[in-house]
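Peer 1: Quick one: the structure is below, and I'll ask about it shortly.
All of the numbers you see were taken from the coordinates with simple rules; none came from a lab. A quick note: this is a predicted structure, and the numbers were derived from the prediction, not measured. All Cβ positions, even for glycine, are placed from backbone atoms using ideal geometry, and neighbour counts span all protein chains on display.
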Amino acid sequence: MDNTPDTIYQDYQFLSWSQQIRWWLIFWGKISVMQKKVDVILQKITSSNNFKEKYKFLVFQSSSTQVLHTKNKEIYIPSGLLVIAKNNDQIAFILSHEIAHWENQDIRNNQVPIHRSPWQITEAECLADKKAIEISLLAQYSRKEIDALLLSLKNERPVCE
Ligand SMILES: [Zn+2]
């Protein structure tokens, strides 16, 4: 985790001009690697689920875990949320959870779910988790890894029943 853009950023201000250019190239490289990974996982999820809508995820650099949804199903996902995931199965669950908010009709008229810290565990969140597990399993992702992710978040975000 010490290789995340945020940690690198702490040293950024001490770099020379040419080193800063190099830093940006590495930095954008990391974001584009994350974006490619997300695209591949989303493809796997959508090909094994029958969604009526077409979803798109856009990775952006932020230490936040706040996901932003737009009306046209573009979902902006912060790098800070993706680095929590230890493998593709856990990324798949995170993406599935956001899709679940649309599939469960939680997002209407620009209404976005609350994923702020401390995360509020509402009924909608638990239902989104439940739906996200179904979506992930249909795409052949591991239940064991999803449970491990939920367990690792239990201090910030209580596990649903
Ligand atoms: Zn949610």
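Peer 1: Show the residue pairs that are 6+ apart or on different chains and have beta-carbon atoms under 8 Å apart, the first residue being within the stretch 125-154 and without any contact (Cβ under 8 Å) to a residue 12 or more places away in the chain and buried (at least 19 other Cβ atoms within 10 Å of the Cβ), the second being among the aliphatic types (A, V, I, L, M) and in a helix (DSSP H, G or I).
Peer 2: Between residues of the stretch 125-154 that are without any contact (Cβ under 8 Å) to a residue 12 or more places away in the chain and buried (at least 19 other Cβ atoms within 10 Å of the Cβ) and residues that are among the aliphatic types (A, V, I, L, M) and in a helix (DSSP H, G or I), there is no close pair.
Peer 1: Cβ-Cβ distance below 9 Å, separation of 6 or more or different chains: which pairs start in the stretch 19-32 with a residue that is under 15 Å from Phe60 (Cβ atoms) and free of Cβ contacts under 8 Å to residues at least 60 places away in the same chain and end on one that is surrounded by 12 or more Cβ atoms within 10 Å (Cβ to Cβ) and of a type in the set (A, V, I, L, M)?
Peer 2: If the second residue must be surrounded by 12 or more Cβ atoms within 10 Å (Cβ to Cβ) and of a type in the set (A, V, I, L, M), the pairs left are Phe27/Ile8; Lys30/Ile8; Ile31/Val59; Ser32/Val59.
Peer 1: How many residues does the stretch 77-100 contain that are under 8 Å from the mean Cα position of the chain (by Cα) and in contact (Cβ under 8 Å) with a residue 60 or more places away in the chain?
Peer 2: Of the residues in that region, 1 qualify.
Peer 1: Taking only pairs six or more apart or across chains, which ones have beta-carbon atoms under 8 Å, a first residue in the stretch 47-76 that is under 22 Å from Ser136 (Cα atoms) and part of a loop (DSSP other than H, G, I, E, B), and a second residue that is within 16 Å of the ligand (Cβ to nearest atom) and among the hydroxyl-bearing types (Ser, Thr, Tyr)?
Peer 2: Short answer, once both residue conditions are applied: Thr65/Ser117; Val67/Tyr76; Lys73/Tyr55.
Peer 1: Quick one: count up the residues across the stretch 56-71 that are out of contact with any strand residue (DSSP E or B) (no Cβ under 6 Å at 6 or more places or on another chain) and under 21 Å from Ala124 (Cα atoms). Steps first, please.
Peer 2: Narrowing the stretch 56-71 to residues out of contact with any strand residue (DSSP E or B) (no Cβ under 6 Å at 6 or more places or on another chain): 61, 63, 65-66, 70-71.
Still in the list and also under 21 Å from Ala124 (Cα atoms): 65-66, 70-71.
Qualifying residue count, the stretch 56-71: 4.
Peer 1: Within the stretch 84-108, restricting attention to residues that are of a type in the set (D, E, K, R) and more than 10 Å from the ligand (Cβ to nearest atom), which residue is nearest to Lys131 (Cα to Cα)? Talk me through it step by step, then tell me what you get.
Peer 2: We begin by selecting, within the stretch 84-108, every residue of a type in the set (D, E, K, R); these are 86, 89, 98, 103, 106, 108.
Add one more test, that the residue is more than 10 Å from the ligand (Cβ to nearest atom), and what stays is 86, 89, 103, 108.
Details: Lys86: 21, Asp89: 15, Glu103: 8, Arg108: 18 Å.
So, considering only residues that are of a type in the set (D, E, K, R) and more than 10 Å from the ligand (Cβ to nearest atom), the one nearest to Lys131 (Cα to Cα) is Glu103.
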